[in-house]
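K.L.:
Here it is: the structure, laid out below.
The values are calculated or read from the model by the stated rules, or taken from the named source; none is laboratory data. Source: prediction; values computed, not measured. Positions of Cβ are generated from backbone atoms using ideal geometry, with glycine treated the same way; all protein chains shown enter the neighbour counts. The protein model used for the area step is the full one, side chains on, heavy atoms only, and it has no ligands, DNA or RNA in it. Shrake-Rupley method; radii C 1.70, N 1.55, O 1.52, S 1.80 Å.
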Amino acid sequence: MPVIGALWLDAIGYHDDAYMAATGVSGLRFTVRYPEGRVEVLTVDSDKVLVGSGAHCEIRLPAEHAAVEHMEVTMSLGGANAQARAADRLPTINGVEFMQSPVMADSVVAIGACQLTIEVVEIEDNPDVIKKKQEKTSPLTYLLALVAIPLAAYVLLFEDDGRIENKIPTDVPELWAKPQTSCPVDAADQAIVLAAEKFVVAEGKAERRPFRVQDGVAAVPLYEVASACFRTGGDEARSVEVSATAASLRKKVGEDYRAHRVRLEHALAVRDLATAHKEVKVLRAFTEGAAGNYVVWLGNLDRQLQLKLGEKKS
C-alpha cells in the first residue's frame, strides 16, 4: 500500500490488516490441539494473526509451549502464510522447522507440544468470529485526515531521524549471567554423560553462529555446563579445554554484540536507515528472550524503520 494511503488509513482509525479484513468476507480459522487432548477451533476476522503466549495475541497458547510472539500468520490470495517470530524455538510444519512458509489446509503446524491446522474460510454473518476492534470514525475526523496528509507525509519522509539516537536506553541487557561453575548433577558417571550431551549441543550451536547469532549466545552457557560436569566427572583435562572454548566464545560474541550496538548508534546518527534496520534485526536476535527498556526500544525502532523504509512484514 502506498505511504500516503497508509497514512490516511491510520489517521482515520484503520490499520492495514483491519482494513483488508473489513473489506473481505474471509478469515483465518485455527484448529488448536493441546497436549492434554483438548481441541479448540478459533476463527479470526483479520488477514494478519499473531500466535503466542502474549495477551495481545489473537491465538493464545500456554507460556510453557510458546514465546510471547511465536508466529505470525497472514492471509493472501494464495492462502495462508506463516512466519516465525521466535527464532530460538522455531515452529514446524509437518515436523520440519521453518522461518517462513506457506501453510496448506492439511498441514500440521507445531509450536511446542501444541498442534495447529490453519485454513482460510468464509466468515460473513458468523457470530462466533473473533474480530479486531475498530473505532467508529466521525466525518470531522475524515476531514482532518485529508488536511493532515501532506503534513504527515512530510514528517514521515523528512523528519530528523538523528533524534532517535537520543532515545537509546542505557540499560543494555547482558547476554549471560556469570559463568556457571557447578554441574547440575553430583554423581560422577551422570556428570560425564551430561557433559558429553551439553558439549555436543554447544558444538552444533557454535557452528551455526555465523548464520544465527542466537545460537552463538546459547552455546556459551552450554559449554560452561559441560566444563563443570567434566570436572565433576573427574575429567579435568577435558574440563579445562572446554572452559577455554567457552571463555573464547563468550569474548567473541560479547565483542560482536558491542560492535553491532555501536554500528546502530552510528547509523542512526548519520541517518543511514537501511543500515540501522539491519543492525536492529541483528540486535533483536542477540537479545531474544531478554527483557527491559532496551529490548522494547529495539522492537519499536524496528517498526519505525520498516515504516520509514516503506517495508511491510510478509
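K.L.:
Considering only the range 68-85, how many residues are open to solvent by less than 20 Å² (accessible area, probe 1.4 Å) and in a loop (DSSP other than H, G, I, E, B)?
P.N.:
Matching residues across the range 68-85 total 1.
K.L.:
Tell me yes or no: at least one residue of the range 265-280 is within 16 Å of ASP171 (Cβ to Cβ) and either at pLDDT 90 or above or open to solvent by 50 Å² or more (accessible area, probe 1.4 Å) (or both).
P.N.:
Yes, some residue in the range 265-280 is within 16 Å of ASP171 (Cβ to Cβ) and either at pLDDT 90 or above or open to solvent by 50 Å² or more (accessible area, probe 1.4 Å) (or both).
K.L.:
Would you be able to say whether some residue in the range 86-96 is part of a strand (DSSP E or B), within 21 Å of LYS205 (Cα to Cα) and open to solvent by 70 Å² or more (accessible area, probe 1.4 Å)?
P.N.:
yes
Residues are listed down the side, and each one gets a yes or a no for (1) part of a helix (DSSP H, G or I); (2) closer than 15 Å to ASP88 by Cα; (3) aromatic (Phe, Trp, Tyr):
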| site | (1), (2), (3) |
| --- | --- |
| VAL200 | yes, no, no |
| LYS205 | yes, yes, no |
| GLN214 | yes, yes, no |
| ALA218 | yes, yes, no |
| VAL225 | yes, no, no |
| ALA228 | yes, no, no |
| GLY234 | no, no, no |
| ARG238 | yes, no, no |
| SER243 | yes, no, no |
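K.L.:
Can you find a residue in the range 14-33 that is in a loop (DSSP other than H, G, I, E, B), of a type outside the set (Ser, Thr, Tyr) and at pLDDT 90 or above?
P.N.:
no
K.L.:
Restricting the range 207-258 to residues that are basic (Lys, Arg) and open to solvent by less than 60 Å² (accessible area, probe 1.4 Å), which is farthest from the chain's Cα centre (by Cα)?
P.N.:
Per the stated criteria, the residue is ARG250.
K.L.:
Here's a follow-up. Identify all residues within the range 41-58 that are free of Cβ contacts under 8 Å to residues at least 40 places away in the same chain, in a strand (DSSP E or B), hydrophobic (A, V, I, L, M, F, W, C) and surrounded by 17 or more Cβ atoms within 10 Å (Cβ to Cβ); write none if there are none.
P.N.:
Across the range 41-58, the qualifying residues are VAL49, LEU50.
K.L.:
Here is a follow-up. As an exercise: evaluate VAL295 against (1) assigned to a loop (DSSP other than H, G, I, E, B); (2) closer than 16 Å to GLU174 by Cβ and give the number of the one condition it does not meet.
P.N.:
In the conditions (1) assigned to a loop (DSSP other than H, G, I, E, B); (2) closer than 16 Å to GLU174 by Cβ, VAL295 misses (1) alone.
K.L.:
So, one more: Evaluate the range 249-269: report whether one residue or more is farther than 24 Å from ALA67 by Cα, in contact with a helix residue (DSSP H, G or I) (Cβ under 6 Å, 6 or more places away or on another chain) and among the hydroxyl-bearing types (Ser, Thr, Tyr).
P.N.:
There is no residue in the range 249-269 that is farther than 24 Å from ALA67 by Cα, in contact with a helix residue (DSSP H, G or I) (Cβ under 6 Å, 6 or more places away or on another chain) and among the hydroxyl-bearing types (Ser, Thr, Tyr).
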